[in-house]
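Heads up: the structure comes next, in structure tokens.
The values are calculated or read from the model by the stated rules, or taken from the named source; none is laboratory data. Owing to the predicted nature of the structure, the values given are computational and were not obtained by experimental measurement. No Cβ is skipped: glycine too gets one built from the backbone with ideal geometry, and neighbour counts run over all protein chains shown. Surface areas here come from the heavy atoms of the whole protein model, side chains and all, with no ligands, DNA or RNA. Shrake-Rupley method; radii C 1.70, N 1.55, O 1.52, S 1.80 Å.
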Amino acid sequence: MRKPALSDEILLSVEKPARYIGGEYNSYNKDPDAYPVKVAFCFPDVYEIGTANLGMQIIYEQFNRRDDAMCDRVYSPWFDMDKILREKNIPLFAVESQRPVKDFDFLLITLSYEMCYTNVLQVLDLSGIPLHAVDRTEEHPIVIGGGACAYNPEPIADFFDVFYMGESETQYDHMVEVYKECLEKKLNRKEILEQLAEIPGLYIPQFYSVEYNEDGTLKSFDPINPHAKRTIRKEACSTMSPDLPYSIHPIVPYDRGMMDRVTMESMRGCIRGCRFCQAGMIYRPVRNRDCEYVKNSIIEMLESTGYDEVSISSLSTSDYTDFKDVMEFLIPYCSERKINIGVPSLRIDAFSLDLMGKIQEVNKSSLTFAPEAGSQRLRNIINKGLTEEEILNGARQAFEGGWNKVKLYFMLGQPFETDDDVKAIPILADQIARVYYETVPKEQRHGKCQIQSSTSFFVPKPFTPFQWAPMCDEETFSKKAYLVKDTMREQLNRKSLTYHYHEEKQTELEGVLARGDRKLCAAIEEVYKRGCIYDAWGEYMKYDVWMEVFEELGITLEFYNYRERSTDELLPWDFIDIGVTKNFLKREWERARQGIVTPNCREKCSGCGAAVFGGGICYENKN
Ligand code: SF4
């Protein structure tokens with residue numbers, strides 16, 4: 001019988017008590033005592049953010065569909081609950097079974113963004129699990145990190161027993177089998193970790209030693225345990241087969257999470273190769289999901305949730321080969337039932353009026369495009385593969401189709417960017433507004449058009465061609481944003497243009513954590529001890545505390561952010577092999593310097609190395 005971890009009195013004293021009670025529609029409620037392998041799966045942020053995470057839903061389904069394992073969810077408690085748990089010494093618990101996290105065999109933590117690292121320590125601390133992996137004993141769960149940030153795990157290496165590089169569908173089932181054998185053989189914690197180290201894609205940080213040069217760069221990174229592999233190869237599904245786990249009956253959260261809609265992943269990976277984009281490299285090669293499977297799954301998800309919106313997701317949905325087919329099937333189904341269709345990451349050069357026109361009939365929404373750079377020169381440097389003509393044509397079609405509101409995403413601070421490139425952002429936005437007034441006759445306009453531009457700040461990420469690039473400092477970022485703002489005011493159609501830009505300080509921190517090394521573990525632990533959590537929320541991020549601790553520990557923004565890395569430098573993540581080779585990334589870094597565009601995978605294979613995974617577009621390519 002499930003015993004609530006918290007009294008009603010406590011639940012009624014906190015904000016949104018539904019965050020902590022579990023039992024949502026479509027959630028699994030397995031009895032932990034009935035299964036040999038117990039997994040607590042954590043999203044290190046608050047409930048309503050975590051429930052929207054697709055990766056979490058897939059892994060939750062993967063473990064729970066087994067008859068020898070169970071998986072419960074764990075989220076970061078909000079500030080008010082954090083305080084109560086500490087004061088009353090109540091261990092953090094999983095929402096389904098309400099069991100303390102420390103009673104599980106595994107604690108999986110998904111790492112989607114660097115700014116969640118202090119929340120990882122919050123979860124470990126509140127669960128009564130020692131922060132350092134080397135201090136844990138048989139009574140503690142094995143803590144595993146996975147997700148995008150696992151592709152440079154070194155800044156948080158001390159806090160994890162294991163990191164998994166790859167797609168969960170490939171090795172987590174195997175891991176359960178290996179773990180069960182370990183239990184049968186009554187192996188101790190170290191012996192279990194050694195068995196796990198043998199599994200492809202798994203990395204045990206404590207089985208490696210690192211040394212640094214005088215200047216702080218990495219001197220060596222060596223395995224110190226015979227079970228530890230010198231190189232950790234990313235694990236990827238060669239095809240997106242319908243047999244793979246997928247959350248066809250997704251949990252319907254109590255709180256209207258960030259994405260109260262069903263999300264259907266149409267394909268994994270991206271053909272494009274934008275040089276700033278980490279996801280575009282680590283999820284290569286592109287693998288489509290079967291068209292019929294996508295259609296049937298969407299219907300089943302809508303019927304099993306009652307949601308009134310569906311999102312067709314991927315890194316570049318309009319590149320999904322069966323996109324048109326799925327849309328022509330979905331539009332009549334959704335319009336009949338007043339269900340909105342969301343198509344995030346639509347490329348402006350793949351904008352098809354007739355299709356979007358039909359979607360427009362179902363749901364009146366604004367259109368979002370991501371040119372990422374205002375000038376053609378910089379779009380070539382970042383390999384966006386978009387021409388000005390394609391952008392203006394796409395906008396023209398949208399306006400002919402009845403849209404008058406367009407959102408544009410750009411980035412500031414990219415390598416080799418000039419002031420003219422920065423000024424090109426408002427100029428392009430103005431050109432798009434001009435197209436509206438040239439295209440739509442006065443009598444057919446629904447008020448003035450609205451072109452909303454927003455800029456984020458460029459953060460160089462591991463496993464991208466820009467991983468060696470210097471990053472701007474806060475002052476330079478601000479200057480660039482002001483230059484956009486000032487130039488926006490000079491535009492003819494300035495009344496139709498709005499501009500918004502992101503937070504510089506948070507970007508700086510993200511930069512340090514993204515390309516950091518093990519020297520950062522001490523800093524993360526110290527800022528956590530000084531009260532830093534929820535750093536991903538700008539209003540709660542304590543920038544000064546981070547800077548104070550960095551200074552005390554000799555961690556400089558100059559070393560981690562502002563300096564260009566030589567391509568011969570040993571990088572903290574070089575021990576990981578994502579298929580895409582370092583030589584390919586070097587080649588692309590050089591082509592960026594020369595402003596040369598690389599064709600996308602569908603146009604021509606550029607031999608990035610991802611063909612090693614034996615599937616996807618690499619084998620569809622005949623040229
Ligand atoms: S090997 Fe070629 S086709 Fe495959 S992902 Fe790399 S560039 Fe694209």
Would a scan of region 168-178 turn up a residue that is in a loop (DSSP other than H, G, I, E, B) and surrounded by fewer than 23 Cβ atoms within 10 Å (Cβ to Cβ)?
no
Restricted to region 296-316 and to residues being out of contact with any strand residue (DSSP E or B) (no Cβ under 8 Å at 6 or more places or on another chain) and among the hydroxyl-bearing types (Ser, Thr, Tyr), the residue surrounded by the fewest Cβ atoms within 10 Å (Cβ to Cβ) is 304
Under 22 Å from the mean Cα position of the chain (by Cα) and of a type in the set (A, V, I, L, M) - does that describe any residue in region 603-611?
yes
Single residue of region 317-334 satisfying the filter (open to solvent by less than 30 Å² (accessible area, probe 1.4 Å) and of a type outside the set (Phe, Trp, Tyr)) that is nearest to the ligand (Cβ to nearest atom)
319
Could you please tell me which pairs satisfy a Cβ distance under 6 Å, a separation of 6+ or placement on different chains, a first residue in region 181-203 that is modelled with pLDDT of 95 or more, and a second residue that is surrounded by fewer than 13 Cβ atoms within 10 Å (Cβ to Cβ) and among the acidic types (Asp, Glu)?
189/138
Give the residue that is least open to solvent (accessible area, probe 1.4 Å), with candidates limited to residues of region 179-199 that are under 30 Å from residue 513 (Cα atoms) and among the acidic types (Asp, Glu).
194
Out of (1) over 30 Å from residue 417 (Cα atoms); (2) open to solvent by 30 Å² or more (accessible area, probe 1.4 Å); (3) under 16 Å from the mean Cα position of the chain (by Cα), the one residue 293 does not meet is (3)
Being in a helix (DSSP H, G or I) and among the acidic types (Asp, Glu) is the filter; apply it to region 584-623 and report the residue that is least open to solvent (accessible area, probe 1.4 Å).
588
Mind listing whichever residues of region 260-271 are near the ligand (Cβ under 10 Å from one of its atoms) and over 15 Å from the mean Cα position of the chain (by Cα)?
271
With the first residue restricted to region 277-304 and required to be over 14 Å from residue 267 (Cβ atoms) and within 16 Å of the ligand (Cβ to nearest atom), and the second required to be assigned to a helix (DSSP H, G or I) and open to solvent by 10 Å² or more (accessible area, probe 1.4 Å), Cβ contacts under 7 Å at 6 or more apart or on different chains are 278/148; 282/148
Out of the residues in region 112-145 meeting the condition of being of a type in the set (Gly, Ala, Ser) and crowded, with 24+ Cβ neighbours inside 10 Å, tell me which one is nearest to residue 197 (Cα to Cα).
145
Yes or no: residue 84 surrounded by fewer than 18 Cβ atoms within 10 Å (Cβ to Cβ), in a helix (DSSP H, G or I) and of a type in the set (A, V, I, L, M)?
yes
Going through region 37-65 one residue at a time, which ones are among the β-branched types (Val, Ile, Thr) and within 21 Å of residue 264 (Cβ to Cβ)?
49, 51, 58, 59
Considering each residue of region 373-416, count those that are within 30 Å of residue 562 (Cα to Cα) and open to solvent by 30 Å² or more (accessible area, probe 1.4 Å), and give that number.
6
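Residues that are under 30 Å from residue 581 (Cβ atoms), of a type in the set (A, V, I, L, M, F, W, C), within 34 Å of the chain's Cα centre (by Cα) and assigned to a loop (DSSP other than H, G, I, E, B): does region 452-459 have at least one?
Taking every residue of region 452-459 in turn, at least one turns out to be under 30 Å from residue 581 (Cβ atoms), of a type in the set (A, V, I, L, M, F, W, C), within 34 Å of the chain's Cα centre (by Cα) and assigned to a loop (DSSP other than H, G, I, E, B).
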For region 428-448, does any single residue satisfy the condition of being without any contact (Cβ under 8 Å) to a residue 60 or more places away in the chain, open to solvent by 20 Å² or more (accessible area, probe 1.4 Å) and part of a strand (DSSP E or B)?
no
Selection status of residue 617, outside the structural domain of residue 269 (by TED's automatic domain parsing), aliphatic (A, V, I, L, M) and within 16 Å of the ligand (Cβ to nearest atom)
yes
Within region 552-583, restricting to residues that are free of Cβ contacts under 8 Å to residues at least 60 places away in the same chain and not polar (S, T, N, Q), the one that is surrounded by the fewest Cβ atoms within 10 Å (Cβ to Cβ) is 568
Quick one: which residue in 158, 72 is in the same structural domain as residue 30 (by TED's automatic domain parsing), of a type in the set (Asp, Glu) and buried (at least 21 other Cβ atoms within 10 Å of the Cβ)?
72
